[in-house]
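Student: The structure under discussion is supplied below as structure tokens; questions concerning it will follow.
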Amino acid sequence: MKRKIGIALMVFMTGIGALFAGGTTETSEAPRIGVSMPTKDLQRWTQDGDNIKMLLEKSGYKVDLQYANNDIAVQASQIENMLTKNCKVIVIAAIDGSSLTEVLKTAKENGVPVIAYDRLIMNSDAVRYYATFDNYKVGQFQGAYLRDTLKLDTAKEPIYIELFTGPTDDNNVNFFFPGAMDILNPYIKKGVLVVRSGQTEKAQVATPNWSTEEAQKRMENLISAYGYGPTGAKLHAVLSSNDSVAQGITNALVAAGYTKENFPLLTGQDCDITSVKNMLKGRQSMSVFKDTRTLAGKVSEMIDALVKGSKPPINDTKTYNNGTGVIPSFLCEPVFATIDNYKKLLVESGYYTEAQLKN
């Protein structure tokens with residue numbers, strides 16, 4: 001009888017000890033991570049969000065994934081809710097990199113580290129780290145592709161081009177567009193490359209919200225104003241900083257009568273399914289591939305390190321100053337896809353299936 005009482009007492013005391021130690025593994029709550037994405041309207045953000053959520057949940061985290069429908073006030077409110085829910089780290093792909101200063105003050109006051117995801121958040125010292133691709137190199141790829149394919153170094157007659165980029169409130173545009181223009185501008189100055197519209201400044205060629213519809217409207221206006229067409233004024237190429245913009249340009253060019261045989265060279269970025277299909281139809285020439293699985297994987301590593309109190313992986317401490325100082329960053333490597341290598345990059349890697357790319 002004494003032996004049974006002793007065993008029971010030992011079990012009871014063990015339970016009390018576990019309770020005061022914070023509970024057992026079975027009852028302890030997994031850390032919650034907030035992930036704020038700008039919109040579901042662009043394919044890439046849905047993929048980014050899904051990839052981060054999947055990787056974090058595999059590592060045992062709870063994930064509060066929110067999409068803000070390109071509404072800045074909604075995104076700020078969602079981030080406030082994440083702080084209320086005691087998220088340990090918040091990952092933010094900002095709609096407007098300059099509009100989250102106030103809500104992020106709360107994050108800083110509560111000691112919640114913020115990782116800026118692919119779009120740098122400006123003027124906030126709450127941003128501890130930044131994860132993105134080498135966005136200047138993205139623009140360089142686009143500019144170099146046009147330079148080499150148009151043979152600008154040996155061109156005997158003027159080559160005609162129009163320029164499109166994204167919204168001025170997306171800090172990435174400050175890398176995409178200069179990256180391309182650093183290659184193309186010398187040819188524009190020499191008169192080898194001619195922009196009939198004269199619209200060469202970032203503000204002149206910006207596309208609000210990377211909108212396909214806005215890009216289509218502007219391209220339609222250029223076609224009307226300058227007479228571009230298969231039998232009209234020559235248009236050899238269009239620089240587009242991403243695929244959603246390129247798709248609007250494509251719609252306008254197809255409506256103007258361009259076909260696979262005479263379609264202007266057209267750049268892009270993200271390898272959206274629609275744009276890859278357009279490449280297969282001869283309606284887009286290339287797209288820079290930013291494998292969201294790679295970026296999501298790196299961000300998951302950063303989060304895990306922050307939660308565990310270790311140093312996240314970074315490979316750049318010089319490039320990205322958000323107005324409060326240089327933000328330690330990890331830059332993933334982009335590559336570019338064309339009709340010649342899309343199968344290896346996109347299908348064989350498992351990013352898409354062949355069925356997804358069928359027209």
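Student: Write out, first by first residue and then by second, each pair whose Cβ atoms fall under 6 Å of each other, whose residues are 6+ apart or on separate chains, and whose first residue, in segment 132-149, is within 20 Å of residue 116 (Cα to Cα) while the second is of a type outside the set (Gly, Ala, Ser) and in a helix (DSSP H, G or I).
Tutor: Listed by first residue and then by second, the contacts come to 135/175; 135/176; 136/175; 138/176.
Student: While we're on this one: If you scan segment 209-224, which residues turn out to be open to solvent by 70 Å² or more (accessible area, probe 1.4 Å) and over 18 Å from residue 262 (Cα atoms)? Break it down stepwise before answering.
Tutor: Initially, segment 209-224 is screened for residues open to solvent by 70 Å² or more (accessible area, probe 1.4 Å), giving 209, 213-214, 217, 220-221, 224.
Scanning segment 209-224 gives 209, 213, 214, 217, 221, 224.
Student: Out of the residues in segment 182-199 meeting the condition of being of a type in the set (A, V, I, L, M, F, W, C) and either assigned to a helix (DSSP H, G or I) or without any contact (Cβ under 8 Å) to a residue 12 or more places away in the chain (or both), tell me which one is least open to solvent (accessible area, probe 1.4 Å).
Tutor: Step one: of segment 182-199, the residues of a type in the set (A, V, I, L, M, F, W, C) are 183-184, 188, 192-195.
From what is left, the residues that are either assigned to a helix (DSSP H, G or I) or without any contact (Cβ under 8 Å) to a residue 12 or more places away in the chain (or both) are 183-184, 188.
Numbers: 183: 25, 184: 1, 188: 42 Å².
Restricting to residues being of a type in the set (A, V, I, L, M, F, W, C) and either assigned to a helix (DSSP H, G or I) or without any contact (Cβ under 8 Å) to a residue 12 or more places away in the chain (or both), the top hit is 184.
Student: Considering only segment 47-62, I want to know if a residue exists there that is polar (S, T, N, Q), under 23 Å from residue 126 (Cβ atoms) and in a helix (DSSP H, G or I).
Tutor: Taking segment 47-62 first, the residues polar (S, T, N, Q) are 47, 51, 59.
In the following step, the residues that additionally are under 23 Å from residue 126 (Cβ atoms) were identified as none.
Within segment 47-62, not a single residue is polar (S, T, N, Q), under 23 Å from residue 126 (Cβ atoms) and in a helix (DSSP H, G or I).
Student: Conditions first: (1) under 18 Å from the mean Cα position of the chain (by Cα); (2) assigned to a strand (DSSP E or B). Residue 276 passes all but one, so which condition is the exception?
Tutor: Status for residue 276: all satisfied but (2).
Student: Looking only at segment 256-283, count every residue that is among the polar types (S, T, N, Q) and open to solvent by less than 10 Å² (accessible area, probe 1.4 Å) and tell me the total.
Tutor: Here is the first cut: in segment 256-283, the ones among the polar types (S, T, N, Q) are 259, 262, 267, 269, 274-275, 278.
Add one more test, that the residue is open to solvent by less than 10 Å² (accessible area, probe 1.4 Å), and what stays is 267, 269, 275.
Number of matching residues: 3.
Student: If you go through segment 83-111, how many residues are touching a Lys or Arg at 6+ places or on another chain (Cβ under 7 Å) and hydrophobic (A, V, I, L, M, F, W, C)?
Tutor: Filtering segment 83-111 for residues touching a Lys or Arg at 6+ places or on another chain (Cβ under 7 Å) gives 85-88, 93-94, 97.
Narrowing further to those that are hydrophobic (A, V, I, L, M, F, W, C): 87, 93-94.
The qualifying residues number 3.
Student: Which of the residues that make up segment 87-104 are modelled with pLDDT of 95 or more and open to solvent by 10 Å² or more (accessible area, probe 1.4 Å)?
Tutor: Within segment 87-104, 88 is the sole residue that qualifies.
Student: Among the listed residues 292, 274, identify the single one that is at pLDDT below 95, among the β-branched types (Val, Ile, Thr) and closer than 17 Å to residue 346 by Cβ.
Tutor: Values: 274 fails: at pLDDT below 95.
Answer to the selection: 292.
Student: Do you know which residues across segment 69-86 are touching a residue at least 24 places away in the same chain (Cβ under 8 Å), open to solvent by less than 70 Å² (accessible area, probe 1.4 Å) and farther than 19 Å from residue 131 by Cβ? Walk me through how you get there before you give the answer.
Tutor: Applying the first criterion (touching a residue at least 24 places away in the same chain (Cβ under 8 Å)) to segment 69-86 yields 69-72, 75-76, 78-80, 82-83, 85-86.
Filter once more, keeping what is open to solvent by less than 70 Å² (accessible area, probe 1.4 Å): 70-72, 75-76, 78-79, 82-83.
Result: 70, 71, 72, 76, 78, 83.
Conditions (1) within 19 Å of the chain's Cα centre (by Cα); (2) in a loop (DSSP other than H, G, I, E, B), marked per residue:
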| position | (1), (2) |
| --- | --- |
| 66 | yes, no |
| 115 | yes, no |
| 145 | no, no |
| 152 | no, yes |
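Student: What about residue 202, is it open to solvent by 40 Å² or more (accessible area, probe 1.4 Å), within 23 Å of the chain's Cα centre (by Cα) and free of Cβ contacts under 8 Å to residues at least 40 places away in the same chain? Full working, then the answer.
Tutor: Working: open to solvent by 40 Å² or more (accessible area, probe 1.4 Å): yes; within 23 Å of the chain's Cα centre (by Cα): yes; free of Cβ contacts under 8 Å to residues at least 40 places away in the same chain: yes.
So residue 202 passes the test.
Student: Right, something else. Tell me the strands (runs of 3 or more DSSP E) entirely within segment 281-359 that contain at least 2 residues that are within 28 Å of residue 248 (Cα to Cα). Don't jump to the end; show me each part of the working.
Tutor: Values: elements: 287-289, 329-332, 335-337.
It comes to 287-289, 335-337.
Student: Confirm whether residue 290 is in contact with a strand residue (DSSP E or B) (Cβ under 7 Å, 6 or more places away or on another chain), open to solvent by less than 20 Å² (accessible area, probe 1.4 Å), within 21 Å of residue 46 (Cβ to Cβ) and of a type in the set (Lys, Arg).
Tutor: yes
Student: Right, residue 239: part of a strand (DSSP E or B) and buried (at least 18 other Cβ atoms within 10 Å of the Cβ) or not? Write out each step before concluding.
Tutor: Working: part of a strand (DSSP E or B): yes; buried (at least 18 other Cβ atoms within 10 Å of the Cβ): yes.
Yes: the conditions hold for residue 239.
Student: Evaluate the following for residue 166: is it part of a loop (DSSP other than H, G, I, E, B), surrounded by 15 or more Cβ atoms within 10 Å (Cβ to Cβ), modelled with pLDDT of 95 or more and on the phi < 0 side of the Ramachandran plot? Outline the logic, then answer.
Tutor: On the way: part of a loop (DSSP other than H, G, I, E, B): yes; surrounded by 15 or more Cβ atoms within 10 Å (Cβ to Cβ): yes; modelled with pLDDT of 95 or more: yes; on the phi < 0 side of the Ramachandran plot: yes.
Yes.
The values are calculated or read from the model by the stated rules, or taken from the named source; none is laboratory data. Note that the structure is predicted; figures quoted are calculated from it, not measured. Note that each Cβ is placed from the backbone with ideal geometry, even for glycine, and that neighbours are counted across all protein chains shown. For accessibility, only protein heavy atoms count, side chains too; no ligands or nucleic acids. Shrake-Rupley method; radii C 1.70, N 1.55, O 1.52, S 1.80 Å.
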